[in-house]
1. Which of the residues spanning region 40-62 are more than 10 Å from the chain's Cα centre (by Cα), outside any helix (DSSP H, G or I) and not aliphatic (A, V, I, L, M)?
2. Of the residues that make up region 162-174, is at least one part of a helix (DSSP H, G or I), touching a strand residue (DSSP E or B) at 6+ places or on another chain (Cβ under 8 Å), assigned by TED's automatic domain parsing to the domain that holds LEU83 and in contact (Cβ under 8 Å) with a residue 24 or more places away in the chain?
3. I'm trying to understand the selection: among the residues of region 122-135, which are within 30 Å of GLU212 (Cβ to Cβ) and loosely packed, with under 13 Cβ neighbours inside 10 Å?
4. Which of the residues spanning region 316-327 are in contact (Cβ under 8 Å) with a residue 40 or more places away in the chain, in a helix (DSSP H, G or I), surrounded by fewer than 20 Cβ atoms within 10 Å (Cβ to Cβ) and of a type in the set (A, V, I, L, M, F, W, C)?
5. Out of the residues in region 1-39 that are assigned to a loop (DSSP other than H, G, I, E, B) and among the β-branched types (Val, Ile, Thr), which is farthest from the chain's Cα centre (by Cα)?
6. I need the full set of residues from region 63-114 which are aliphatic (A, V, I, L, M), more than 20 Å from THR143 (Cβ to Cβ) and in a helix (DSSP H, G or I), in order please.
7. How many residues does region 65-109 hold that are small (Gly, Ala, Ser) and farther than 19 Å from GLN210 by Cβ?
8. Cβ-Cβ distance below 7 Å, separation of 6 or more or different chains: which pairs start in region 288-315 with a residue that is free of Cβ contacts under 8 Å to residues at least 40 places away in the same chain and end on one that is buried (at least 16 other Cβ atoms within 10 Å of the Cβ)?
Amino acid sequence: MITYNSDKEAIIDFGKKYQALRNEISKVIVGQEDVIRNILITIFSRGHVLLIGVPGLAKTLMITTIAKALGLSYNRIQFTPDLMPSDILGTEILDENRQFKFVHGPIFANIVLADEINRTPPKTQSALLEAMQERSVSIAGTTRMLQEPFFVLATQNPIEQEGTYPLPEAQLDRFMFNIYLDYPSINEEVSIVKSTINGAMYEPQQIVSQEEIVYFQHLLQKIPVADNVYNYAVRLSASTRPNTDLAHPWANKYLSWGAGPRCSQNLVIAAKCNAVLNGKFSPDIEDIKQVVYAVMRHRIVKNYRAEADNVDIDTIIAQFIADLKDF
């Protein structure tokens, strides 16, 4: 059983464990520091991530490395148009004794990589998203709990849209973070090539235990938050909602739909973890600003005018942040 003399001592130790995690992961993954930080924030905040990136950027290697450093079980699901819910959740079969036996699907792991989630039909997508929300699955009238910690990293390919089933906005809202995975720099790519072509790969060591992860998840829930931080998060979300009292002019001009209350909740939750990783004991407005893009970019919907003016989501969010003091 994990015990600390105080929450302050636990928070300090959490920061040390995080640095050790980053150092261990960096022995395998070159660069992508912000992406790895955001993934770890999401895991410790009990959220899920939607990762947008083209093929070949080591998404699978990244998540397997994180799973090994965290000491968690890991499964990868390659989504295809013919994938059925039972292929993810599991099914009951008759064994050699003519008794029904449940065969667990790949969802029964601590970390699940849902590769190219938009390549499978909505029926199968919803099976995964229900597990994400409820942390349980219902099969043949029986509810089966998923083991904690449970984390889903779903990927989408931004360049191929033929034969895909884009996630509806209501389902996108289930993801805590939407992270863009970009190409490495020239120097980083040279390091990647040097470290991979000889066939020898470093095997990451476990840094934290499963019990410690769950403990730190509960610890973050107890982090105090000042009222001005709550107000800032809620007003920032409210400024994205077109044709409402607190709507930013750009919301009325460029958005057809704004962020809901889940955005405000996730801004505060992610800011708590971000604050601890920055060596603080309570989040401030700067912590909200550091996580806002990943939390908000998949929760607001551009209209045709934004497309015509070639204004992207991150530019709109930046304007909301810059002008929030006027509201």
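The values are calculated or read from the model by the stated rules, or taken from the named source; none is laboratory data. A quick note: this is a predicted structure, and the numbers were derived from the prediction, not measured. Positions of Cβ are backbone-derived with ideal geometry, glycine not excepted, and every protein chain shown enters the neighbour counts.
1. GLY53, PRO55, GLY56
2. At the first step, the residues of region 162-174 found to be part of a helix (DSSP H, G or I) are 169-172.
Now drop any that are not touching a strand residue (DSSP E or B) at 6+ places or on another chain (Cβ under 8 Å), which leaves 169, 172.
Within this subset, residues satisfying the condition of being assigned by TED's automatic domain parsing to the domain that holds LEU83 are 169, 172.
Next cut, in contact (Cβ under 8 Å) with a residue 24 or more places away in the chain only: 169, 172.
Yes, region 162-174 contains at least one residue that is part of a helix (DSSP H, G or I), touching a strand residue (DSSP E or B) at 6+ places or on another chain (Cβ under 8 Å), assigned by TED's automatic domain parsing to the domain that holds LEU83 and in contact (Cβ under 8 Å) with a residue 24 or more places away in the chain.
3. To start, the set of residues in region 122-135 that are within 30 Å of GLU212 (Cβ to Cβ) comprises 128-135.
Residues satisfying the conditions are GLN133, GLU134.
4. Across region 316-327, the qualifying residues are ILE321, LEU324.
5. First, pick out the residues of region 1-39 that are assigned to a loop (DSSP other than H, G, I, E, B): 1-6, 27-32.
Adding the requirement that they be among the β-branched types (Val, Ile, Thr) leaves 2-3, 28-30.
Values: ILE2: 26, THR3: 28, VAL28: 21, ILE29: 18, VAL30: 20 Å.
The extreme case among them is THR3.
6. Within region 63-114, ILE63, ILE66, ALA67, ALA69, LEU70 qualify.
7. From region 65-109, those small (Gly, Ala, Ser) are 67, 69, 71, 73, 86, 90, 105, 109; that's our starting set.
Now restrict to residues that are farther than 19 Å from GLN210 by Cβ: 86, 90, 105.
The total comes to 3.
8. LYS289/ILE321; GLN290/ASN274; TYR293/ILE317; ILE313/ARG297; ILE313/ILE300; ILE313/LYS302; ASP314/TYR293; ASP314/ARG297
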